[in-house]
Each structure stands twice: as structure tokens, then as C-alpha cells.
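S.K.: Structure below; questions to follow.
The values are calculated or read from the model by the stated rules, or taken from the named source; none is laboratory data. This one's a predicted model, so the numbers in the text were calculated from it and none came from an experiment. Positions of Cβ are backbone-derived with ideal geometry, glycine not excepted, and every protein chain shown enters the neighbour counts. Protein only, heavy atoms only, side chains kept; ligands, DNA and RNA dropped before computing areas. Shrake-Rupley method; radii C 1.70, N 1.55, O 1.52, S 1.80 Å.
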Amino acid sequence: MIAGYVSTRILVLALLGAAPAFAADVLPLSAAQKKNLGIVTVVAATQDTSPALAYTARVTLPPASVRVAAAAGAGLVTQLHVQAGDTVKRGAPLVTLSMTGLAEAQNALTQARLRSQLATSNAARDEKLFSEGLIAESRLRATRSEAQSAHASLVAAQTALSMMGAGKVTGSSITLTAPIAGVVTESVAEPGQRVDAGMALVKVADLSNLALEIPLSTIQARQVAVGQSVTVADSKASGRVIALLPQLNASQSVLARASLVDPDKLLRPGQSVQVALAGTSVPQGKQTAQTLIVPAAALVWQASLPYVFVETAQGFAPTPVQLIRQNASQAEVTGLATGSRVAAKGVAALKAQWLGE
């Protein structure tokens, strides 16, 4: 490996016919030397939009797209109406539970409703009798109090029954129904299984509302902003960046979240996809002269700072630039004059001569 590197280094120096030029203003190079080293130059160009940034992302379900059918009390699963992957409409049956106390709660509600109706009727009757002067005011107050107490008992009975679960109640059984239309993504219940209060039994998701999670390095995160458009490779799906999480995750990445519209409905939660983040559009005629697009291969790094080799009449000048954004093939930079020609191939040979490596 060392011998090969030394041979390459000697070849570069021989072709250049000069001593190492560390931190030189211009690296002198003839047309023949440029050809022998395979150096190819391109013009740093302007364009209406910044280059799209390509990343690997994961399709996710936003929390607002998921609903859970849970047991409101202890019970026994008697029937499972769906399984993972089934498409359901809103109100469709999901799971039936037999719950001790459900029949008692229904009976208590019925009794409370009858007492409330009777007390309300008695109060209306005594209001009329009092207005005609046929009963004392104390009797009217007692009747009113009884009606208020009966109404409070009715509300309490309704609350107690609602806490047993939302769904279709038949005797001591309750059938939990789908709160939204969507696809069953998870079903943990099985017939004959005993469940506790609050246990999630079935999850239903609206797959028409997806999202993307895009892990970025801290440097990449500087090139991404809320509002940038996102496209998915080999798909018509697209969206926009809606948030950049302020903290790093376990893999020391900055997580960008994006909305996602998938008209062909081909994407699935958990799927890994390639996405491109487009830069912010620049209105026609408003392009900044110093903001140019160069090949990503044209960039060289020295002391953590980016440079490009600009072609001059004398050779190539190592020129510092400011990197705005970059993808696999292009980089947006400032610090160059419009029309500058930069080395796109043979850059390694120029860097070796520049740094005296």
C-alpha cells in the first residue's frame, strides 16, 4: 500500500515537473500536464433551485392516524371479528368481550332513568299545583330536590356504563367498534383470553395519512429547513418537511419529520425509502451571483474547510468556498465568480500537489 502510494506520488510530481506547492496561490500546470493527470474542468453554474439532497428515510404513521380499541374493564374475549391487515369501516365490529357487571350497569341505568322520569313528572305536577295555591311551598321544594337527585343518579349511571366500554352492548357482552375507517395494524386479542381494564386490543390506522422520518447528521441538518419539499424515489409520493427535532437520537442523528401524500398507495409504515429534499426556490432574476452549483467531486477539504480548484491562465488556484448544501452529485457554494471553471476530475492529484502530500 505504501509503495503504491509513493509510486503514485512520484508520478504526480514527475508529470507536474515541480516541487510540492503547499498553500500555493496558483498551481502551475501546462495543457499537457493537465491531460496526463486526467484533469477535467466544468463551469460553476447558476440554477433556479438548490440541488436536491438525497437521504434514506423511513415511512411512519403519525400518532393522529392511529386509534386503539381498548378494554374499559376486566373481561373475557368471546369473539375476534378482525385480524391484522383487514380493512374496516368506521363503526365496524372489532372484538366482543363478556364483562362481569355489564348487565348490572345496564339495569342500574334503566332504573335510574325511570326514577328520573318519575321525579321530573312529579316536579312538573307540583309546579302546577303550587301555582294554583293547592300545595305548600315546602312540598314543592322537596319535589324539586327529589328531581335533582334523580337526575344526578341518572348521570352517574350513564357514566358508569360508559366506563365499561364504547360499543354495541348486548346483555353482559360488549362489541368494541372501529373508531375510524382504516386498516387493522395490530390485534393482540385471542378468543378465550382474559383482559384487564385499559388493555389495548386492536389498533386501526388511517394509511392515507403517512409521514417520513429522515435521520440527518448534524452537518446535513444545517442544509435542511422546515417547508422544503420532499420526493420519494420511484414513486409519485411527496411531502414537505414539517419539523426538525432539537435533540439527537440514539444514533446521534437529527431527525427530520415530513408529511407524505402517496396517491398510488404503494408505501407502507416501516418501509425504507430513498427521498430527495429540494432546496428553496429562488425567484427568476433574483439569483445571487456568488451562489453557484459545482460537482460534489470538485470539493476538497483542508482543516475542515471546503476548497475547489479554479482554473486560471497560469494553472489552478485553490479557492476557499462556503458550502450551502450538497448531495451525492452536486454542491451549492458561495465564494466563486460566475463563470469560474473548477476541476471536477483529477482533483486528488491537484490536492496532493497543493498540500505536498
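S.K.: If the requirement is being open to solvent by 40 Å² or more (accessible area, probe 1.4 Å) and assigned to a strand (DSSP E or B), which of these qualifies: V68, V59, V95?
M.R.: V68
S.K.: Only residues that are open to solvent by 30 Å² or more (accessible area, probe 1.4 Å), closer than 27 Å to A221 by Cα and of a type in the set (A, V, I, L, M, F, W, C): list them for region 311-333, please.
M.R.: L323, I324, A328
S.K.: Determine whether P215 is touching a residue at least 12 places away in the same chain (Cβ under 8 Å) and closer than 26 Å to A181 by Cα.
M.R.: When the stated conditions are applied, P215 does not pass them.
S.K.: Do you know which residues across region 51-61 are farther than 16 Å from S253 by Cβ and either among the β-branched types (V, I, T) or modelled with pLDDT of 90 or more (or both)?
M.R.: V59, L61
S.K.: Could we say that L207 is within 30 Å of A331 (Cα to Cα) and surrounded by 13 or more Cβ atoms within 10 Å (Cβ to Cβ) here? First the steps, then the outcome.
M.R.: Details: within 30 Å of A331 (Cα to Cα): no; surrounded by 13 or more Cβ atoms within 10 Å (Cβ to Cβ): yes.
Here the answer is no, as L207 does not meet what is asked.
S.K.: Can you name every residue in region 148-184 that is touching a helix residue (DSSP H, G or I) at 6+ places or on another chain (Cβ under 7 Å), in a helix (DSSP H, G or I) and either modelled with pLDDT of 90 or more or of a type outside the set (A, V, I, L, M) (or both)?
M.R.: Hits for region 148-184 are H151, S153, Q158.
S.K.: Also, quick follow-up: Looking at region 6-27 only, could you name the residues that are touching a helix residue (DSSP H, G or I) at 6+ places or on another chain (Cβ under 8 Å) and modelled with pLDDT of 50 or more?
M.R.: A24, L27
S.K.: When the residues of region 210-225 are filtered to those that are among the aliphatic types (A, V, I, L, M) and surrounded by fewer than 18 Cβ atoms within 10 Å (Cβ to Cβ), which remaining residue is farthest from the chain's Cα centre (by Cα)?
M.R.: I219
S.K.: Another question, if that's okay. Take V77 and decide whether it is part of a strand (DSSP E or B), open to solvent by 70 Å² or more (accessible area, probe 1.4 Å) and modelled with pLDDT of 50 or more.
M.R.: Details: part of a strand (DSSP E or B): yes; open to solvent by 70 Å² or more (accessible area, probe 1.4 Å): no; modelled with pLDDT of 50 or more: yes.
For V77, the condition - part of a strand (DSSP E or B), open to solvent by 70 Å² or more (accessible area, probe 1.4 Å) and modelled with pLDDT of 50 or more - is not met.
S.K.: Select from region 185-222 the residues that are at pLDDT below 90 and touching a helix residue (DSSP H, G or I) at 6+ places or on another chain (Cβ under 9 Å) and list them in ascending order.
M.R.: L207, S208, N209
S.K.: Scan region 300-324 for residues that are among the hydrophobic types (A, V, I, L, M, F, W, C) and within 18 Å of T46 (Cβ to Cβ) and jot them down. Lay out the reasoning, then the answer.
M.R.: Residues of region 300-324 that are among the hydrophobic types (A, V, I, L, M, F, W, C), as a first pass: 300-301, 303, 305, 308-310, 313, 316-317, 321, 323-324.
Once the filter is applied, which keeps residues that are among the hydrophobic types (A, V, I, L, M, F, W, C) and within 18 Å of T46 (Cβ to Cβ), region 300-324 yields V308, V310, V321, L323, I324.
S.K.: When residues of region 226-259 are filtered for being more than 20 Å from S272 (Cβ to Cβ), surrounded by 12 or more Cβ atoms within 10 Å (Cβ to Cβ) and more than 14 Å from the chain's Cα centre (by Cα), how many remain?
M.R.: Result for region 226-259: 1.
S.K.: Pick out the one residue from A289, A276, A317 that is modelled with pLDDT of 90 or more and either of a type outside the set (F, W, Y) or outside any loop (DSSP other than H, G, I, E, B) (or both).
M.R.: Exactly one of A289, A276, A317 is modelled with pLDDT of 90 or more and either of a type outside the set (F, W, Y) or outside any loop (DSSP other than H, G, I, E, B) (or both), namely A317.
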